[in-house]
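The structure under discussion appears below in the form of structure tokens.
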């Protein structure tokens, strides 16, 4: 009972409460902007940082896998292939044939390493797919629109074709049209001035 | 006990939302605490106008300091009333003002002569009576009075603010309660 009495005695005026509340809320609104921005800013910064870090790490791994030319069995092989597609997409038109020649060589080396480690049904399927991609890259490398580009491409492909260890004839047996096209395009442009 | 716990959780929840900039919550917080803060200031100052000013100060200071409150570290009620006590102490250090309670009889008469509502004047006199009573208390009893009866805190919260055991506070509160009852029956 006395608590109630005390409470009544100590009660503030309604006018004061109303006035003080308005002042408090006005001040709160002023401070509010800072309060809201901070957590939202933190959240946005956090998300941006996470995205940046993710792409940074992914980019680093792709660059490593591509430059190191990791093998088919390597965990980062998929990233290497992404790196190659970026390079093809970003390459100038005049540089693409040489790039494709490099990719054809890469596919051939990958096929050889797969075949060297024994045959399983998975590896056979992988080899088939790689051979298809290699022929595609070879074909793309012959798509030249200038003398200069054709020369560069032929030089790159000559090395590919001449290398005995690569056994290109076997690779192209079923697709001798490709080999024929290469000979037609590149015979006036042999490495040492001789016919291929 | 459950009511105190519910109010604590409620205050903690309001504080969290306030930190995120929720104006509605700020208003709710004010409604809940302002009357008690005023009563708390009034028991110490004995002067309405000063108590009003200080109440406003306390709430404006709350806005600046709310960022420092962390629900994981403790209870909002304890944090807030510690802040209020500190502000009150600082106020006393800076302003040794004359309070209504030390005004002589003639001053009271002149005030009586002013155009004030009779009810309000009666309240003023009651406050004067309460303030005189509080002034007669020792420092510890005064703290207990302000926190228990003006701020309406639990023994648990008071023990954290005053750094005393709950048991000791309960014993002291029981003695104080008797004193208050004897005094207020005359008011």
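The values are calculated or read from the model by the stated rules, or taken from the named source; none is laboratory data. Every value quoted in this text rests on a predicted model; they were computed, and no experiment measured them. With ideal geometry, Cβ positions are generated from the backbone for all residues, glycine too; neighbour counts draw on all protein chains shown.
Annotations
- Residue match in the stretch B:54-74 (condition: touching a residue at least 60 places away in the same chain (Cβ under 8 Å) and either closer than 23 Å to residue B:135 by Cα or surrounded by 17 or more Cβ atoms within 10 Å (Cβ to Cβ) (or both)): no
- The residues listed here are A:91, A:104, A:65; of these, the one that is at pLDDT 90 or above, within 23 Å of residue A:123 (Cα to Cα), away from every other protein chain (no Cβ under 14 Å) and touching a helix residue (DSSP H, G or I) at 6+ places or on another chain (Cβ under 6 Å) is A:65.
- If you go through the stretch B:15-28 and keep only what is assigned to a helix (DSSP H, G or I) and either within 9 Å of chain A (Cβ to nearest Cβ) or without any contact (Cβ under 8 Å) to a residue 12 or more places away in the chain (or both), you end up with B:17, B:18, B:19, B:23, B:24, B:25, B:26, B:27.
- Options B:10, B:85, B:61: the member that is within 11 Å of chain A (Cβ to nearest Cβ), in contact with a helix residue (DSSP H, G or I) (Cβ under 9 Å, 6 or more places away or on another chain) and either at pLDDT below 90 or assigned to a helix (DSSP H, G or I) (or both): B:61
- Within the stretch A:66-85, the set of residues being over 25 Å from residue A:119 (Cα atoms) and either surrounded by 14 or more Cβ atoms within 10 Å (Cβ to Cβ) or touching a strand residue (DSSP E or B) at 6+ places or on another chain (Cβ under 7 Å) (or both) comprises A:66, A:82, A:83, A:84.
- Output for the stretch B:176-187, where each listed residue is loosely packed, with under 11 Cβ neighbours inside 10 Å and either over 14 Å from residue B:136 (Cβ atoms) or at pLDDT 85 or above (or both): B:178, B:185
- For the stretch A:1-32, filtering for residues that are closer than 24 Å to residue B:181 by Cβ, at the interface with chain B (Cβ under 7 Å from one of its Cβ atoms) and in a loop (DSSP other than H, G, I, E, B) leaves 2.
- Condition met for residue B:157 (surrounded by 19 or more Cβ atoms within 10 Å (Cβ to Cβ), part of a helix (DSSP H, G or I), more than 14 Å from every other protein chain (Cβ to nearest Cβ) and touching a helix residue (DSSP H, G or I) at 6+ places or on another chain (Cβ under 9 Å)): yes
- Filtered by the rule that a residue be over 13 Å from the mean Cα position of the chain (by Cα) and either within 7 Å of another protein chain (Cβ to nearest Cβ) or surrounded by 24 or more Cβ atoms within 10 Å (Cβ to Cβ) (or both), the stretch B:29-53 gives B:29, B:30.
- Test: residue A:55 is at pLDDT 90 or above and facing chain B (nearest Cβ under 8 Å): no
- Qualifying residue in the stretch A:117-124 (condition: under 24 Å from residue A:68 (Cα atoms) and in contact with a helix residue (DSSP H, G or I) (Cβ under 9 Å, 6 or more places away or on another chain)): yes
- Selection status of residue A:13, free of Cβ contacts under 8 Å to residues at least 24 places away in the same chain, touching a helix residue (DSSP H, G or I) at 6+ places or on another chain (Cβ under 6 Å) and surrounded by 10 or more Cβ atoms within 10 Å (Cβ to Cβ): no
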